[in-house]
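Data block below; observations after.
The values are calculated or read from the model by the stated rules, or taken from the named source; none is laboratory data. Keep in mind that this is a model prediction, so the values were computed, not measured. Here the Cβ is made from the backbone with ideal geometry for all residues, glycine too, and neighbour counts use every protein chain on show.
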Amino acid sequence: MNIILCAKQVVDVAEIKIDPATKKPVLAGVPQKISDMDKNALEEAIKIKEKHGGKITVVTVGAPDAKERMRELLAMGADEGVLLTQPPQTDYHMIAHLLAGAIKKIGSYDIILCGEASIDMFSGQIGPRLAGLLNIPQITYAQQITVEPTKVVSEKNLGEKSVTMESPFPVLLTVTKESNQPRLPSLMAILASSNKPIHEWSTTDIVSQTLQPKVQTLDVKGIPMQRKNIIFQDDLDQSVGKLVNELAKVGVLR
Amino acid sequence: MVLVYSDDPKLIAELLNKASDLAKQLQKKVIAVTIGSEQHAKDYIEHGADVVIIAQTTQQQFKAEEYTSILLSILKEHSNEIVLIGSNKNGKELASRLAARLDAGCVIDATNILLKDKKVTTERVVYSGNAIAVEQFFGSPQIITIPPRVFDPLPKNPNHKGEIIKKTVDVEQSASKIIKVQEMKSEGVNVEDAQIIVSCGRGFKKKEDIRLVSELADVLKGRTVGCSRPIAADLKWLSEDHWIGLSGHKVKPKLYVACGISGQIQHIAGMRDSGVIVAINKDPEALIFKSADYGIVGDLYEVLPKLTSAIKEKIG
Ligand SMILES: Cc1cc2nc3c(=O)[nH]c(=O)nc-3n(C[C@H](O)[C@H](O)[C@H](O)COP(=O)(O)OP(=O)(O)OC[C@H]3O[C@@H](n4cnc5c(N)ncnc54)[C@H](O)[C@@H]3O)c2cc1C
Ligand SMILES: Cc1cc2nc3c(=O)[nH]c(=O)nc-3n(C[C@H](O)[C@H](O)[C@H](O)COP(=O)(O)OP(=O)(O)OC[C@H]3O[C@@H](n4cnc5c(N)ncnc54)[C@H](O)[C@@H]3O)c2cc1C
């Protein structure tokens, strides 16, 4: 089974601070990590490999320092990495073309796994876009994935409904956070991962056409969150009394 | 043209409002597309569509590959600059796949669309609710998904005239199959429309204790209980229709009470637009207090019964 995992390096959104003056997020110095659901996707890949054998290749479009984060995935159980340098200006259209190009260059694949969305931008475009470019079936929001020799069966979580889908290979799945608990690599595995290859490909190796973004980010604005922050913490009965009075005053008790 | 599609008729009505507004500024027409069903075509015209295309197909159930091929064949005949798609889970994967097939730009979950220097410009929330990204499109078509309740539907105008076109479409079949559709356990709550929500988080020790939250919700006449992700997704104490946050429901009640919820950014992303926010947490350093108007530092097992009876007394 040839499995390809698309993994993105993201800023750790929980560590983002807001500049008090501009109200904009301060991204400089925020630690980077592999997006959470990409690790869930890798966990699925490892389980498939344990059952059917095969090879797991991780593909990332990102900055050169993404290599360090990719090592974590190799330690968890991926076999090889491919890092494509991210062009200075990108959008989903370009990233999807770069990933599709890399996957075509890798050659043979049965299953492509993505996260349901990345934790920083959270739009979940890349998976379905990639499936569209490769013209293969897609199963989004996948959980409870079962792989058989000729097909994949997976539940697709739509919140109010669960749809069970089946597809022959090749197929692309996007994996939810609920699908599993990603393993932590052992110290042995961390040490051994330094011998696993990470290939660095330049974007010109991958796509012949000149890629131009279709969407450009003009600005990233802060979201003002003005709250009163009145916190009662003395005597409990008094606190409750004061809170009820305040709520009555602002008119939410009727 | 400005094309509108969703599998949710309510969402189409909302999208038609923005579509009509954009169409007016750009002097274009509004097309609404429905797949399979003729049921709401008249309504869509009264909500602002100039043309309703009913795609006639044997395709009953949603598969992104096949719905993409239906929209592609409609888009081939009607040159559309702007495509607005309702942002539910089906809509998002459809829009993304369609964008790939057309090599088009796409913005998911836009909360605003405007024309800046005549170019389509969108706003959407990024970094788990920490910021708004302003995006602008180059070239067309421009594909945008819009979540429920971002725009209100226009009131129905029975004088608005439009044309209904039935169109048979050939669908490129997908190799995938749907083998089972199962309704998920749901308690039928609608947190998105609720005016008052009392939510619980991992500060609760066991499922039965959620009763404390329902009782407060009852005296507040809100009756709506929400929860953080772990309560619905991991512990499964409540069904997913209670789940609030980035990956759950986005709510804007007049009053939101968060009990035993730490206030991680992904939870805040779902409730930050609430009118008044109250937090109850035993940890004075809990993040939730930063996002709250009022807070009580204390054990929820003591605070909630007292608060419930004090409010009961106050309202009578
Ligand atoms: C603030 C801001 C807003 C932006 N908004 C837009 C926009 O609205 N439209 C637009 O076209 N571009 C936009 N971009 C451009 C940028 O290219 C995207 O943020 C980025 O390409 C990936 O999007 P995502 O994280 O949302 O991916 P998602 O589609 O949410 O990611 C889903 C999955 O796809 C895979 N994946 C995603 N990216 C990569 C990658 N680089 N390498 C390997 N696998 C990957 C992973 O498996 C991931 O779990 C924006 C950039 C910024 C900084
Ligand atoms: C991509 C992504 C998406 C996510 N989406 C969502 C989402 O949509 N919604 C969501 O909610 N989360 C989401 N999360 C998870 C989020 O990061 C937090 O983990 C989660 O919100 C924490 O839930 P909690 O506050 O109930 O639990 P905890 O963080 O464990 O907090 C429990 C709180 O209860 C307090 N407490 C304990 N005992 C008592 C007591 N007796 N009395 C009073 N207080 C007490 C504690 O002080 C603590 O603050 C997401 C995470 C990721 C990475």
Next item on the list: Can you give me the number of residues within segment B:276-316 that are of a type outside the set (Ser, Thr, Tyr), out of contact with any strand residue (DSSP E or B) (no Cβ under 6 Å at 6 or more places or on another chain) and in contact (Cβ under 8 Å) with a residue 12 or more places away in the chain?
Entry: 15
Margin query: Filter segment A:1-25 down to the residues that are within 10 Å of chain B (Cβ to nearest Cβ), outside any loop (DSSP other than H, G, I, E, B) and either within 13 Å of ligand 1 (Cβ to nearest atom) or among the aliphatic types (A, V, I, L, M) (or both) and list them by number.
Written below: A:10, A:11, A:13, A:14, A:18, A:25
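One line per residue, one yes/no per condition, for (1) out of contact with any Ser or Thr (no Cβ under 9 Å at 6 or more places or on another chain); (2) crowded, with 20+ Cβ neighbours inside 10 Å:
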site	(1), (2)
B:88	no, no
B:94	no, yes
B:116	yes, no
B:139	yes, no
B:151	yes, yes
B:159	yes, no
B:167	no, no
Notebook entry, point to check: Of all residues in segment A:185-222, which are of a type in the set (D, E, K, R) and without any contact (Cβ under 8 Å) to a residue 12 or more places away in the chain?
Noted result: A:219
Item checked: Per-region count, segment B:222-263, residues part of a strand (DSSP E or B) and within 11 Å of ligand 2 (Cβ to nearest atom) -> 7
Notebook entry, point to check: Quick check, is residue A:237 outside any strand (DSSP E or B), surrounded by fewer than 17 Cβ atoms within 10 Å (Cβ to Cβ), without any contact (Cβ under 8 Å) to a residue 12 or more places away in the chain and not assigned by TED's automatic domain parsing to the domain that holds residue A:124?
Noted result: yes
Notebook entry, point to check: Can you tell me how many residues in segment B:169-200 are in contact with a strand residue (DSSP E or B) (Cβ under 7 Å, 6 or more places away or on another chain) and away from chain A (no Cβ under 11 Å)?
Noted result: 9
Notebook entry, point to check: Got at least one residue in segment A:33-52 being more than 21 Å from residue A:173 (Cα to Cα) and within 13 Å of ligand 1 (Cβ to nearest atom)?
Noted result: yes
Next item on the list: Hey, can you tell me all the residues within segment A:223-234 that are closer than 30 Å to residue B:137 by Cβ and free of Cβ contacts under 8 Å to residues at least 24 places away in the same chain?
Entry: A:225
Check: Of B:100, B:133, B:95, which residue is without any contact (Cβ under 8 Å) to a residue 12 or more places away in the chain, small (Gly, Ala, Ser), within 12 Å of ligand 1 (Cβ to nearest atom) and closer than 14 Å to residue A:123 by Cα?
Finding: B:133
Checklist line | Filter pass, residue B:279 being closer than 22 Å to residue A:243 by Cα, facing another protein chain (nearest Cβ under 7 Å) and small (Gly, Ala, Ser) | finding: no
Next item on the list: Kindly indicate whether any position in segment B:282-298 is at the interface with chain A (Cβ under 9 Å from one of its Cβ atoms), out of contact with any helix residue (DSSP H, G or I) (no Cβ under 6 Å at 6 or more places or on another chain), more than 9 Å from ligand 2 (Cβ to nearest atom) and part of a helix (DSSP H, G or I).
Entry: yes
Next item on the list: Would you point out which residue out of A:68, A:148 is surrounded by fewer than 17 Cβ atoms within 10 Å (Cβ to Cβ), under 17 Å from the mean Cα position of the chain (by Cα), without any contact (Cβ under 8 Å) to a residue 40 or more places away in the chain and more than 16 Å from ligand 2 (Cβ to nearest atom)?
Entry: A:68
Next item on the list: Run down A:98, A:133 and say which single residue is in a helix (DSSP H, G or I), more than 8 Å from chain B (Cβ to nearest Cβ) and over 22 Å from residue B:178 (Cβ atoms).
Entry: A:98
Next item on the list: Return the pairs, sorted by first residue and then second, in which the second residue is polar (S, T, N, Q) and within 16 Å of ligand 2 (Cβ to nearest atom), the first residue lies in segment A:106-132 and is more than 22 Å from residue B:105 (Cβ to Cβ), the beta carbons are less than 6 Å apart, and the residues are 6+ apart or on different chains.
Entry: A:119/A:35
Notebook entry, point to check: Under the condition of being within 6 Å of ligand 1 (Cβ to nearest atom) and in a helix (DSSP H, G or I), which residue from segment A:104-130 is surrounded by the fewest Cβ atoms within 10 Å (Cβ to Cβ)?
Noted result: A:126
